[in-house]
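Novice: Before we start, here is the structure in question, set down as structure tokens.
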Amino acid sequence: MENLLHYAWKYRLYSPLSLKTTDGRALEVLDPGIQNTDAGPDFFNAKIKLDDRFWAGSVEIHTLASDWKLHHHDQDRAYDVVILHVVERADCETFRTNGEPIPQFVLEIPLSVRENIAYLLERDAPVPCLYRLSEVEPVFRTMWLDALLTERLERKTQDVLRWLELSEGDWNEVFYIALCRNFGFGINNDAFEWLAKSLPLRYILKQRGCASQVEAMFFGQAGLLEEEIPDDPYYCLLQREYCFLRHKFELKPLDGMLFKRLRMRPGATPHVKLAQLAAFWTLHDGLFSALLEARTPGEIKAFFRISPSDYWRTHYCFGRSSIEKAKPMGENAIQIILINTVVPLFFTYARQRAMPQYAARAMRLLETIPGERNNVVETFHRAGFEVRNAGDSQALIQLRREYCDKKRCLLCRIGFQLLKKGKDSGI
């Protein structure tokens, strides 16, 4: 309940007319203050007017007035700056450490707001407000999507910074880890990241003159060369190559069972993705610097238009041939790599190097990529959200995962707009 009081105070979800303190003084809230997430009073830099006198200081909020003493604020000089104690029920008076009484205000939250909050927080639905999204003006939705996109990029920035620290500031190594991770395309992301960390890029670059050796390192490190398939000459070649390279670089392979293979389209299996990765690093060297120099989205996309070695034209896995078919990186796969690898790296690089042009380039790249097609995005699209590009779809994924799924309706700008509406609005 206290969180609701915080929310109602912060956003003034109460009638501002005829407010009074418990001792009968007229109260006017000029500024509710800035919410404090650290130790100390709940809001600081608040400004109020009691009768004809102006006050500036902190505001503390409790469900019961007696919580003030329960939490020992009456003995803590940090709370002597409190100018107003906001409570749901004033069951006693409160005092500063010197014995001075603190003005108290009983915050009555309107019934409509309580009912709206109960609906949003208690409704058993993935997106509780889904059928009321049309009530929120498009300008608010657009502004919220812009903020959500920034939030998502900030979250991905933390991953990039973690990799940057791990690789001692080597941006090519960071790009390699990020690219490998996102070649897992969701279901195998963690396994592909573990693979990258077990197989440093410098080892691959030393052998990139020989395509079979690069493939051998990727498949061997993934634990996918452990079987005996004597009637597949190429597989046996990779086994021999990896045996040599494993000892040369003192490599320790992963368990092949980490890579999930069930219920996948043939072209999305770990074998095909590893073959594509091997082809990528056979073709390119020091790619991140080249990406930074690319001037157009088309130039960036061109780096990822690769096909694996000829063996994979007639195979989806080792030991079993298939109808001949080229297996280049598809357009949709390239778009996913750009969204999840190139854009976050550009965004983080801009922050780290104080070069905002790369953040702008990241945003322009998102604007050129169509919105993603998945269950999360489709749900909001059917409810009336216009998905103009990948920036919008990334924002909607952020909204669903960080607000809807976690029931953080009180922190969502859409939730805020709906909370201000009354019971008769359809809830």
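Throughout, read-outs are computed from the coordinates displayed, never taken from laboratory work. Bear in mind that the values here come from a model prediction, so they are computed numbers and not experimental data. Reconstructed Cβ throughout: ideal geometry from the backbone, glycine too, with neighbour counts over all protein chains shown.
Novice: Take the residue pairs K156/K197; K156/K206; K301/K327; K252/K325 and return only those whose Cα atoms are more than 26 Å apart.
Specialist: K156/K206; K252/K325
Novice: Taking a label point 7 Å from the Cα of D76 along the Cα→Cβ vector, which residues of the stretch 29-52 have an amide N closer than 18 Å to it?
Specialist: Flagged as within label range: 34-46.
Novice: Which value in deg cm²/dmol, rounded to the nearest 500, describes the helix-derived mean residue ellipticity at 222 nm for the chain, given -39,500 (n - 2.57) per DSSP H run of n ≥ 4 and division by the residue count?
Specialist: Helix contribution divided over all residues of the chain: -13500 deg cm²/dmol.
Novice: Related question: Quick one: Cα centre-to-centre distance for the stretch 355-421 and the stretch 87-157, in angstrom?
Specialist: 20
Novice: Return the aspartates and glutamates within reach of K248: Cα separation strictly under 20 angstrom, same-chain partners fewer than 8 residues apart disregarded; answer none if there are no such residues.
Specialist: Filter leaves E215, E226.
Novice: Which FRET efficiency value, to the nearest 0.05, is calculated for A26 and K69 with the Förster distance at 35 angstrom and r the Cβ-Cβ distance?
Specialist: Values: r = 27 Å, r/R0 = 0.77.
Between A26 and K69 the formula returns 0.85.
Novice: Fewest to most neighbouring Cβ within 10 Å: what's the order for S309, S18?
Specialist: With the sparsest Cβ surroundings first, the list reads S18, S309.
Novice: So which aspartates and glutamates can K69 reach, going by Cα to Cα under 18 Å and dropping same-chain residues fewer than 8 places off?
Specialist: By straight Cα distance, K69 reaches E2, D42, E60, D80, E88, D91, E93, E100.
Novice: Another question, then. Sort F54, F219, F416 so the one with the fewest other Cβ atoms within 10 Å of its own Cβ comes first.
Specialist: The order, fewest Cβ neighbours first, is F54, F416, F219.
Novice: Taking only Cα atoms and a 10 Å spring cutoff, compute GNM fluctuations for the chain and point out the largest among N98, N375, N116.
Specialist: Comparing N98, N375, N116 in the GNM, the peak value goes to N98.
Novice: Next question. Given a Förster distance of 56 angstrom, what is the FRET efficiency for C317 paired with N3, based on the Cβ-Cβ distance and rounded to 0.05?
Specialist: After rounding, the FRET efficiency stands at 0.60.
Novice: For a paramagnetic label modelled at 7 Å from the Cα of A125 toward its Cβ, which residues of the stretch 360-383 fall within the zone defined by backbone nitrogen distances under 17 Å?
Specialist: Under cut-off, by backbone N: 376-383.
Novice: So which lysines can K420 reach, going by Cα to Cα under 30 Å and dropping same-chain residues fewer than 8 places off?
Specialist: Result set, ordered by chain and number: K10, K20, K47, K49, K406, K407.
Novice: Of the labelled options (i) 32; (ii) 25; (iii) 42, which one gives percent of Cα pairs over 39 Å apart as computed for this structure?
Specialist: Among (i) 32; (ii) 25; (iii) 42, the one calculated here is (iii).
Novice: With a/c under 1.5 counting as rounded, go ahead and sort the stretch 100-161 into rounded, prolate or oblate using the C-alpha gyration tensor (a ≥ b ≥ c being the square roots of the eigenvalues; past the cut-off, prolate if a/b is larger than b/c, else oblate).
Specialist: Note, shape of the stretch 100-161 comes out oblate.
Novice: Could you tell me which of rounded, prolate or oblate describes the stretch 2-109, using a ≥ b ≥ c as the square roots of the eigenvalues of the alpha-carbon gyration tensor, with rounded for a/c under 1.5 and, failing that, prolate when a/b is larger than b/c and oblate otherwise?
Specialist: It is rounded, given that a/c, with a ≥ b ≥ c, falls under 1.5.
Novice: Also, quick follow-up: Can you put D52, D255, D392, D42 in order, fewest other beta carbons within 10 Å first?
Specialist: D52, D255, D42, D392
Novice: Only helices at least 20 Å long along their axis, Cα-based, and averaging -0.5 or more on Kyte-Doolittle count here, so list those DSSP H runs from the chain.
Specialist: Answer set is 138-166, 233-249.
Novice: Please report, to two decimal places, log10 I(q)/I(0) for the stretch 194-336 at q = 0.08, 0.15, 0.19 Å⁻¹ as given by the Debye formula with identical point scatterers on the Cα atoms and no solvent.
Specialist: For the requested q values the scattering log ratios are -0.22, -0.78, -1.23.
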